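The values are calculated or read from the model by the stated rules, or taken from the named source; none is laboratory data. Only a predicted model underlies this, so the values are computations on that prediction, with no experimental measurement involved. Heads up, the Cβs are rebuilt from the backbone with ideal geometry, glycines too, and the neighbour counts pull from every protein chain shown.
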Amino acid sequence: MTMFSDTHTAQAKAILAANDRGGYTVPTHGLYPFQWNWDSAFVAMGFATFDIDRALRELERLAEGQWADGMIPQIIFHTPADSYFPGPEVWGTRHIIATSGITQPPVFASALKFIAERADVSFEPRIRALFAVADRYHRWFASARDPEATGLVSTLHNWETGRDNSPEWDIPFARVPETTTTVIRRRDTGHVDASMRPTDADYRRYIHLVDLYRSLDWNPAAMLAKTPFRVADIGTNAILLAAEEALLALQPRFGASNSEADIRARILRLSRGLSGLWNADHGWYLSRDLLASAPIAVRTSAGLLPLLTNVPDRAHVAHMSGVVDAHLDAVCMGIASTLPGEPGFEPKRYWRGPVWAIINWMIAEGLGRHGHPALAERVRKSTAEAIERRGFGEYFDPTTGEALGGATFSWTAAILLMLRDQ
Ligand code: GLC
């Protein structure tokens, strides 16, 4: 490691320390003042490169938000703050700590495995407790989001995908009315230039769904029955299957003895569902609009996340790695969230083109797992170098490498620590 990167890892640790609010880490100061589900899972892995106790604490604080039915919400509002919309009063949920009413991609168990691989025996009881949290979370996905055992879990809000305004959601959203019963007071555009954020019309549709689900008291069956927005998100389904595989690996040491058969059954089911999302015409894994029973024909970086699992076969991997190789020649850094040339590509607008360090990291893991170490290394190197050169932005313009969105972002700092730790 050079002196140069030592300085950057020190900066990354300083960002995590500055965003620490007492055992949990906010994504960034100002724009996102609470604990976010998948942000915290990546942050926990970042901490695990130098502080196992703090890494586990991050997941323990996230687990405080877990609902009685097993769901881990997208946002845990540990302490009130007026700088974010929609706040707890808009969600109107019942958990003892205020939370939002939807979830996010379940990176939790994969983060737990990452930590456990670096932890000594003194941490075993805490890892055991967190294993049980993850197992309940995964059971919730199976029962609440795939009650008919199709093998694909449903996502009922674009915020659940973590890729808020991806062009994938344009068509399913056309079905969602723009009417709301809530007064919209956007706070994000006070922190970040509006040209980089979702539009006002997008926002009204996001809140329309929140209003509807709140009126159904967040009952999973009622939400599934009444929703005008129901997709099988390629990202969530791939990340969930990878998390189930992580849980299975942890099970002999940390899980209840009767949990193994259930995990195996869920893995089988999800593998079947995920393999059905391969689209031969596009040569890519695609999300699916479940209400229209149609694939969503936009190639995104999330379409590479099945590489985190055993599902892709050799031919699919060969095809995807060829596209990644050519893509890396054309852009400055990693993989664009929406591939350039796809409908809806915009290089600066959030999930419609910008590169996100967390996605790059997962893709690199997946390429490594499927026998492409050199390509994985190119993704890692371009990501680490962009962060070191351009700063710890929320995301990056794939055409210029410019850091965009919120600054001093926790998960970008965490990813740099993970990349420099390898
Ligand atoms: C945005 C992102 C989401 C992230 C959150 C906090 O909503 O789209 O993925 O979890 O911000 O950083």
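Here are some residues: Pro73, Pro86, Pro33. Which one is crowded, with 24+ Cβ neighbours inside 10 Å, within 13 Å of the ligand (Cβ to nearest atom) and more than 21 Å from Trp361 (Cα to Cα)?
Pro73
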Looking only at region 1-30, count every residue that is surrounded by fewer than 22 Cβ atoms within 10 Å (Cβ to Cβ), of a type in the set (Val, Ile, Thr) and in contact with a helix residue (DSSP H, G or I) (Cβ under 9 Å, 6 or more places away or on another chain) and tell me the total. 2
Can you give me the ranges of the helices (runs of 4 or more DSSP H) entirely in region 86-171 with at least 2 residues that are out of contact with any helix residue (DSSP H, G or I) (no Cβ under 9 Å at 6 or more places or on another chain)? 88-91, 124-145
Only residues that are under 18 Å from Ala109 (Cβ atoms), surrounded by fewer than 20 Cβ atoms within 10 Å (Cβ to Cβ) and charged (D, E, K, R): list them for region 36-70, please. Arg57, Glu60, Glu64, Asp69
Tally up the residues in region 166-185 that are out of contact with any Gly (no Cβ under 9 Å at 6 or more places or on another chain) and either buried (at least 22 other Cβ atoms within 10 Å of the Cβ) or among the aliphatic types (A, V, I, L, M) (or both), please. 7
Which residues, counting only those in region 172-188, are assigned to a helix (DSSP H, G or I) and within 19 Å of Ile75 (Cα to Cα)? Asp188
Please pick out the residue among Leu62, Leu56 that is within 13 Å of the ligand (Cβ to nearest atom) and part of a helix (DSSP H, G or I). Leu62
Check on Arg266, touching a residue at least 60 places away in the same chain (Cβ under 8 Å), surrounded by 19 or more Cβ atoms within 10 Å (Cβ to Cβ), in contact with a Pro (Cβ under 7 Å, 6 or more places away or on another chain) and not small (Gly, Ala, Ser): no
Check on Arg118, at pLDDT 95 or above and more than 20 Å from the chain's Cα centre (by Cα): yes
Among (1) touching a helix residue (DSSP H, G or I) at 6+ places or on another chain (Cβ under 7 Å); (2) away from the ligand (no atom under 13 Å from the Cβ); (3) more than 17 Å from Trp38 (Cβ to Cβ), where does Gly393 come up short? (2)
For region 236-245, check the following and say yes or no: at least one residue is of a type in the set (Ser, Thr, Tyr) and in contact with a strand residue (DSSP E or B) (Cβ under 9 Å, 6 or more places away or on another chain). yes
